[in-house]
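Just below is one structure, and these are the notes that go with it.
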Amino acid sequence: VGVSLSAMIASTGGGTTREFILGSNTLFWLETPAFVLAVLSAILIAYLFQHRNRVAEFLTKPADSFATSTFIVVGVSAALNAQCNLLVCFLMGVLTGVGGGLIRQAVFDKASLRYNHINIFSAAYAALIGVILLTQNVNVVLVVVLLGFVHLSINTRNAIDFMSKFKFPYLATASN
């Protein structure tokens, strides 16, 4: 139950917050049971692969990056559909991309909140690219894939080491 609650908060928290900010009268995950089923399916898959460390480590970062990029595109698209300005579209993309994870950490793991700098930075960078591409009517699937690669490349160990050289030494400890 705790894992399911944690997963639901992470996967719907940013989008729910976005919907409240944009003034929506609905909660997408209550109206469409597919969202809850997707989260429960992901929990089942994670459970099945939990003892296969090589597979889990190999898939974790790419899966996280492509899920985050999907959330970013959904957030930017929702704001564009609500006819928000580009700054709000950018902010809604970042909020939808990482907001749920931050809310989950605030509820379940407050100590780890301070280690999100690189994830928020990579989501912001991806959201900026997403706003530019989506306003130019680039195919949504292509945008998700591109943003997934952008997010993944920024979230690597090399990116953390690179940024730690530029007066951000606390980032190097975040990866340990």
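The values are calculated or read from the model by the stated rules, or taken from the named source; none is laboratory data. The structure displayed is predicted, hence computed values, not measured ones. Glycine gets a Cβ as well: all are built from the backbone with ideal geometry, and neighbour counts include every protein chain shown. Keep in mind that these areas ignore ligands, DNA and RNA; they rest on the heavy atoms of the full protein, side chains included. Shrake-Rupley method; radii C 1.70, N 1.55, O 1.52, S 1.80 Å.
Here region 5-145 yields Rg over Rh of 0.97, to two decimals, using C-alpha coordinates and the Kirkwood radius.
When the solvent-accessible area of region 1-133 is split by element, carbon and sulfur atoms take up 69 percent of it, the probe being 1.4 Å.
The orientation-averaged shadow of the Cα convex hull for region 65-125, equal to a quarter of the hull surface, comes to 4.1 nm².
If Lys and Arg each add +1 and Asp and Glu each add -1, what is the summed charge of the other residues whose beta carbon sits under 13 Å from the beta carbon of F28? Within the 13 Å Cβ shell, the charges total -1. Rounded to the nearest 20, the Cβ-based charge dipole of region 1-135 about its Cα centre (Lys and Arg +1, Asp and Glu -1) stands at 300 debye. For region 1-73, the solvent-accessible area works out to 66 Å² per residue, with a probe of 1.4 Å and every protein chain left in place. Protection proxy ranking, highest mean first, for peptides 29-42, 84-97: 84-97, 29-42, where packing is the per-residue count of other beta-carbon atoms within 10 Å, averaged. Summing Lys and Arg as +1 and Asp and Glu as -1 over all other residues whose Cβ lies under 13 Å from the Cβ of G2 gives a net charge of 0. So for region 31-100, averaging the separation of alpha carbon pairs under 8 Å that are six or more residues apart and normalising by length, what relative contact order in percent results? The normalised contact order for region 31-100 reaches 26 percent.
Here the 3J(HN,Hα) profile of region 75-80, calculated from phi with Karplus coefficients 6.51, -1.76 and 1.60 at θ = phi - 60°, is x, 5, 4, 4, 5, 5 Hz, Gly and Pro shown as x.
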